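The structure appears right after this line, and notes come after that.
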Amino acid sequence: MKRQPSEQEIRDAAPRLRDGPGPGSPEARALDETWSDAPGLIGWFSAINHKTIALRFVVATMLFFGAGGILAALMRLQLARPGNKLMGPDMYNQVFTMHGTTMMFLFAVPVMQAVAVYLVPLMVGTRSIAFPRLNAYAFWVFVFGGLMLYAAFFVNAGADAGWFSYVPLAGPDFSPGKRVDFWAQMITYTELSAIVEAIVVITTALKLRAPGMTLNRMPLFVWAMLVTAFMILFAMPAVMLASTALIMDRLVGTHFYNPAEGGDALLWQHLFWFFGHPEVYLIFIPGLGFISAIIPTFARRPMFGYTAMVLSLIATAFLAFGLWVHHMFATNLPELGKSFFTAASMMIAIPTATQIFCWLATLWTGRLNFKTPLLFVLAFFFILVLGGLTGIILAAVPINLQVHDSYFVVAHLHYVLIGGAVFPLFGAFYYWFPKFTGRMMSERLGRWNFWLMFVGFNVAFFPMHLLGMQGMPRRVYTYQAESGWGQMNFVSTAGALVLAAGVLLFVINALRSWHAGAAAGNDPWGGGTLEWAASSPPAPCNFHALPVVHSRDPVWQPLPSGPPAQPPLPTHVMGLTADERQLLVTTVVDARPDVLHTFPRPSIWPFACAVATTVLFTASIFTAWAVVWGMVPVAIILTLWFWPHRHETARHLAMERKP
Amino acid sequence: MTAARVRGTALDVSSLPTYGFSHRSIVWWATLGMIAVEATVFALAIATYFYLRSHATTWPLAGKPPDLLWGTINTLVMLGSLLPNHLAKKAAEKDNVSRARLWMAVCLAMGLLFLVIRIFEFRSLNTGWDTDAYGSIVWTLLGLHTVHLVTDFYDSAVLTLLLFIGPLEGRHMQDVSENAFYWYFVVASWLPIYLVIYWAARLH
């Protein structure tokens with residue numbers, strides 16, 4: 001059998017067109033064709049274009065957000081008055097666990113990664129995410145993990161030990177049945193997906209930047225996603241280890257968390273919060289990235305304090321790993337240790353404040369353009385500062401002990417997460433929607449959407465501070481009328497419904513605008529980063545000629561200031577093969593052109609591999625041996641995924657230049 | 001000359017190489033990312049070991065520490081595999097396919113050897129995963145590392161097969177180089193785990 005391609009085959013496979021000429025040229029048409037996903041059903045499951053996968057990813061995470069929101073509304077309805085009979089304690093336990101789990105694992109982190117998968121390649125001026133097939137695999141694994149959790153919920157096997165599944169409650173003695181096992185395996189799915197996405201984003205940001213985009217010129221949003229991705233690498237393994245140990249305790253009789261056999265329940269809390277606290281910043285730092293993208297555009301000036309902003313992001317990431325014990329102040333840890341974590345918790349306010357002052361300086365000295373995205377950003381300031389203040393209060397051990405496990409904590413975490421991540425995210429949707437779809441969202445509906453969400457949010461969550469201080473514990477399915485908490489709970493429920501109406505209006509606005517919105521053009525807001533140089537929506541290859549970058553805001557300043565250089569500086573790249581998926585790889589720090597990498601074509605293997613992974617993970621809930629036999633199809637599919645075709649090799653050999 | 005050149009207002013990159021070794025390759029960065037993740041898992045598992053130990057009055061909780069023989073032999077075999085691994089890497093970077101084949105095959109033979117010895121290691125732990133928390137963490141540490149041995153052995157085997165029968169291109173030499181990079185990690189990560197499993201249970 002002849003496997004190596006012949007000379008003739010290699011000559012026949014030689015590429016014919018090289019890029020460089022702009023839109024409209026035969027080369028540009030070839031590029032569009034080269035980078036498109038295939039049509040048809042198989043083509044749909046084989047798609048790997050980063051924009052296709054990212055939009056599906058965003059829609060999937062938003063559907064989970066909707067599901068988590070409905071669960072939240074059900075909880076609020078149950079709590080609207082004392083002694084309510086809408087649901088019993090068992091259902092309520094499942095509902096609040098599913099709500100927290102959905103929002104943390106199926107919405108907050110993945111939605112940020114999904115947006116990054118769309119925007120990072122555009123912002124750094126390239127045609128694809130690094131590892132597009134792996135990216136598709138991560139998406140499918142995520143979807144299947146989420147669906148498994150909800151399938152279990154619908155057959156009354158919904159997780160019910162809280163989104164952080166503390167042992168001993170979540171252990172084999174107090175949670176028999178399969179509920180917690182589904183929760184633990186959901187962790188395996190979503191964290192696998194998140195880790196893969198993190199690696200994809202890191203490689204894209206470090207190696208695929210346009211020539212001239214030194215690290216010092218990388219957009220702040222890309223910096224935020226890069227820092228987030230690095231945090232994921234070091235935080236997510238903790239929860240995977242913890243949940244694997246939990247499921248082994250439950251299924252094969254290990255004793256990690258069993259004190260009777262030398263195990264320790266606090267081990268769970270340490271491992272979980274070593275992940276769980278950085279998790280908060282995994283959600284929050286992308287939000288900071290959105291804000292740093294939106295503010296310069298709507299203040300119509302470059303960002304003030306770029307270097308300070310980047311250093312603050314990095315400092316936040318480091319400090320985030322030194323805070324986990326502040327979730328454990330109510331345990332019997334040494335008091336000196338707690339003091340250290342109090343200090344670290346307060347210290348993280350410094351880089352956050354630095355960024356807030358830089359944004360304020362940018363806004364103060366800019367000419368403001370009050371559009372919906374900016375409104376969401378301004379709301380961030382208001383809500384996050386309140387959430388940050390209660391955070392500082394909670395960092396003090398004595399107060400923490402007083403309000404531990406009360407609604408004060410619920411109020412605090414929602415102010416931080418919704419203010420720090422969800423409001424910027426909605427602002428980001430309004431900001432980039434024209435780029436995603438080519439159409440503007442309605443400003444009028446946008447304002448209604450904003451005010452309903454802003455008012456609804458505060459009415460829903462502000463009273464919880466007071467309820468918490470009055471002693472209302474969290475995770476209770478009801479309370480007595482004599483407690484006097486009924487009125488404020490009713491107000492809170494009313495606020496939650498207003499908030500839900502705001503989100504609904506967003507959905508209506510998005511759907512309407514997708515079909516009937518005003519045409520956007522390439523750069524409707526006058527933004528300065530490279531995604532605004534691409535068409536809206538971008539062509540399959542993003543850029544028909546890759547840009548060469550000479551400043552931090554390449555759309556505002558395509559060439560260095562001063563008299564034109566002689567000879568003229570390059571503005572774009574030429575010479576990449578247009579009928580192959582060839583991309584320019586640049587050096588990490590200076591973004592000098594280095595290597596031409598040929599990217600793979602669309603393939604069904606990532607989807608097939610995700611299906612095989614799903615069989616492995618789900619079956620292992622029922623039999624530990626699935627870990628062994630389930631590996632066989634995964635290994636076979638990965639091998640087929642890797643193994644090159646002769647024609648593919650011929651094409652590569654025709655282009656090959658040795659280093 | 002393989003460098004980008006300015007032509008008018010365009011930067012011509014058509015003469016750049018189509019692959020490169022080490023940090024020039026994007027796959028190298030992905031491998032480094034996986035190494036960061038897996039090293040974190042190992043570090044946390046080791047931290048768990050010492051956390052559990054700090055709560056115990058005797059350690060091991062019951063019974064005796066693992067027997068040293070097989071674990072120590074395996075450590076030497078793994079360290080020995082670094083030589084053919086290094087030679088395979090160098091051969092690949094010099095674009096010498098036949099040498100890369102040879103040393104990859106030697107690596108695989110040693111891989112097979114340490115997988116077999118690993119079975120004896122499990123048998124000499126002197127505890128079960130369901131005996132007590134000590135047994136659980138020791139089995140988990142050894143199990144985690146074994147998963148790495150198995151997966152690394154398998155993907156090295158696939159790559160070696162490709163070197164012998166597959167349609168080859170220059171970029172597969174880059175794959176050999178990165179495969180060797182990962183092998184270094186699998187061996188290097190064993191050393192702290194070896195010390196913890198076999199020696200931390202002996203120190204008091």
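The values are calculated or read from the model by the stated rules, or taken from the named source; none is laboratory data. Keep in mind it's a predicted model, so treat the numbers as computed, not measured. Methodologically, a virtual Cβ is constructed for each residue, glycine included, from the backbone with ideal geometry; neighbour enumeration extends over all protein chains shown. Protein only, heavy atoms only, side chains kept; ligands, DNA and RNA dropped before computing areas. Shrake-Rupley method; radii C 1.70, N 1.55, O 1.52, S 1.80 Å.
For this structure, a couple of remarks:
- Counting 0.36 nm for each residue step from residue A:318 to residue A:469 and taking away their Cα separation leaves a gain of 51.1 nm.
- A crude spin-label estimate for the pair residue B:195 and residue B:9, with each label 7 Å from Cα along the Cβ direction, gives 6.0 nm.
- Across peptide A:234-241, the average count of Cβ atoms from other chains found within 10 Å of a residue's Cβ is 5.
- Occluded residues from the stretch B:100-136, i.e. those whose accessible area drops by 10 Å² or more once the chain is not alone (1.4 Å probe): B:129, B:130, B:131, B:132, B:133, B:136
- Take each residue in A:588-594, count the other chain C-beta atoms within 10 Å of its C-beta, and the mean is 3.
- Whether the protein assembly as shown is rounded, prolate or oblate, judged on the alpha carbon gyration tensor where a/c under 1.5 counts as rounded: oblate
- Once you reduce the stretch B:114-171 and the stretch A:437-478 to the center of their Cα atoms, the two points are 50 Å from each other.
- Average Cα contact separation per residue, chain B, under 8 Å, 6 or more apart, as relative contact order %: 31 percent
- Of B:15, B:124, B:189, the one that fluctuates the most in a GNM where chain B has Cα springs shorter than 10 Å: B:15
- Beta bridges per DSSP with both ends in the protein assembly as shown, % antiparallel, nearest 5: 80 percent
- Sites matching trypsin sites (Lys or Arg not before Pro) across the stretch A:330-407 that sit in DSSP coil, with at most 16 neighbouring C-beta atoms within 10 Å: A:367
- Basic side chains Lys and Arg get +1 at the Cβ, acidic Asp and Glu get -1 at the Cβ, and with that the dipole of the stretch A:415-560 about its Cα centre reaches some 160 debye.
- B/A buried area, accessible surface, summed, 1.4 Å probe, Å²: 5500 Å²
- 0 to 90° range, to nearest 10: angle between helix A:443-469 axis and chain A longest Cα axis: 30 degrees
- Using just its DSSP H runs of length 4 or more, each adding -39500 (n - 2.57), the protein assembly as shown gives a mean residue ellipticity at 222 nm of -21500 deg cm²/dmol after division by all residues.
- Separation of the stretch A:528-592 and the stretch A:32-95, taken as the distance between their Cα centroids, equals 36 angstrom.
- Portion, in percent, of the accessible area of the stretch B:19-200 that falls on carbon or sulfur, probe 1.4 Å: 74 percent
- Note on the stretch A:389-430 and the stretch A:169-196: Cα centroid distance 25 Å, given to the nearest whole angstrom.
- Between residue A:511 and residue A:33, the contour length at 0.36 nm per residue exceeds the alpha carbon distance by 169.3 nm.
- Cα centre as origin, Lys/Arg/Asp/Glu Cβ charges: chain A dipole, Debye: 1260 debye
- Residue A:647-residue A:335 pseudo-label distance in nm [points 7 Å out on the Cα-to-Cβ vector]: 7.5 nm
- Straight Cα distances below 18 angstrom link residue A:178 to the aspartates and glutamates A:90, A:160, A:249, with same-chain residues fewer than 8 positions distant left out.
- R0 of 30 Å, Cβ-Cβ distance residue A:385-residue A:173: FRET efficiency to nearest 0.05: 0.10
- The stretch A:583-659 - percent relative contact order, Cα under 8 Å, separation 6 or more: 21 percent
- Pair residue B:95, residue A:628: separation of 7 Å Cα→Cβ label points (nm): 4.7 nm
- The string of couplings for the stretch B:134-145 from the Karplus curve (6.51, -1.76, 1.60, θ = phi - 60°) is 4, x, 4, 6, 5, 4, 5, 4, 5, x, 4, 5 Hz, one whole number per residue in order, with x for Gly and Pro.
- Efficiency of FRET from Cβ geometry, residue A:365 and residue B:64, R₀ 56 Å, rounded to 0.05: 0.20
- Cα gyration tensor shape of the stretch B:1-129, rounded if a/c is under 1.5, else prolate or oblate by comparing a/b with b/c: oblate
- Per-pair calculated FRET efficiency, R0 = 41 Å: residue B:147 and residue B:57 via Cβ, rounded to 0.05: 0.80
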